[in-house]
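As structure tokens, the structure follows; a few thoughts come after it.
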Amino acid sequence: MRYIAALGALAGTALLSTTALAADLYEPAPVYEPVVAAPVANYFEGPYLGLHGGWGWGEAESSFADGPVPGCINELVAFPNIPGCAVSTDPDGAFVGGQIGWNFVFGGGLMLGIEGDYSFASLHDNGESGGGIFATHTDFEVDQMATVLARVGWVMGRWMPYLAGGWGWAHGEREIYNDFLGGSFSDSQWHDGWVAAGGVEFAINEHWTLKGEYRYFDGGSQNYSVPTLPGAGTDVDLTIQTVRFGVNYNF
């Protein structure tokens, strides 16, 4: 009986050891949390405000308009077939201003947006026709510019190249002075016409971006009068090219 009891105790001990070993060998399968991809930063979506500055250069092609007095000399005295009487100028200079816009970014990185801007400018040039006491001096300056543009671009991470097109305005002032007659005569006009542009924008972070851009503006022709004389004044055909750099804050 003692042998039987010992064998039973030994079997019980072995069973308990086996059960404990099995419990140690079994480990429940680990539970993993689902992996959620980090959201991709959208640096260009939404409204923005910004500042810009740059350099512009243009051509103000001038011709004496047809009127009661044909032809011209020095833009003040009528003679036919005398070239160079209407002084053309090539204004250039700096400008600064601000812009406001809104970008809409679609799947794949396509950006469609609209932007309006206004600039204070000092694009200036002068010229002279005639000589001696009959010399006439002409000053031409563009002192304001504005545009409304539609933009299309492609977002590539922090970079966004884009093209733009729309309508623009430029305010020109033309002044002439004749040494013989004395006194100055001036007139100002708003030129308006189409604008084409291209540039690239870079995101510093989720709010601030930098951009560089080239623009071409065709402002068409406007008539500048000489109010003290007969005739139809001087037609000025204005084009302006600009290179600008800017900073935007995206909301």
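The values are calculated or read from the model by the stated rules, or taken from the named source; none is laboratory data. Keep in mind that this is a model prediction, so the values were computed, not measured. Cβ: placed from backbone, ideal geometry, glycine included. Neighbour counts: every protein chain shown.
Hey, can you tell me all the residues within segment 114-144 that are buried (at least 16 other Cβ atoms within 10 Å of the Cβ), without any contact (Cβ under 8 Å) to a residue 60 or more places away in the chain and among the small types (Gly, Ala, Ser)? The answer is 127, 129, 130. Scan segment 86-128 for residues that are within 15 Å of residue 174 (Cα to Cα) and modelled with pLDDT under 95 and the total you get is 7.
Residues that are of a type in the set (Ser, Thr, Tyr) and either modelled with pLDDT of 95 or more or under 21 Å from residue 122 (Cβ atoms) (or both) do not occur anywhere in segment 225-238. Within segment 53-71, residues that are within 18 Å of residue 224 (Cβ to Cβ) reach partners that are hydroxyl-bearing (Ser, Thr, Tyr) and at pLDDT 95 or above with beta carbons closer than 6 Å, at six or more positions or on different chains, in the pairs 58/239; 59/239. Evaluating residue 161 against the criteria (1) under 19 Å from residue 127 (Cβ atoms); (2) out of contact with any Leu (no Cβ under 9 Å at 6 or more places or on another chain); (3) surrounded by fewer than 21 Cβ atoms within 10 Å (Cβ to Cβ) leaves one unmet condition, (1).
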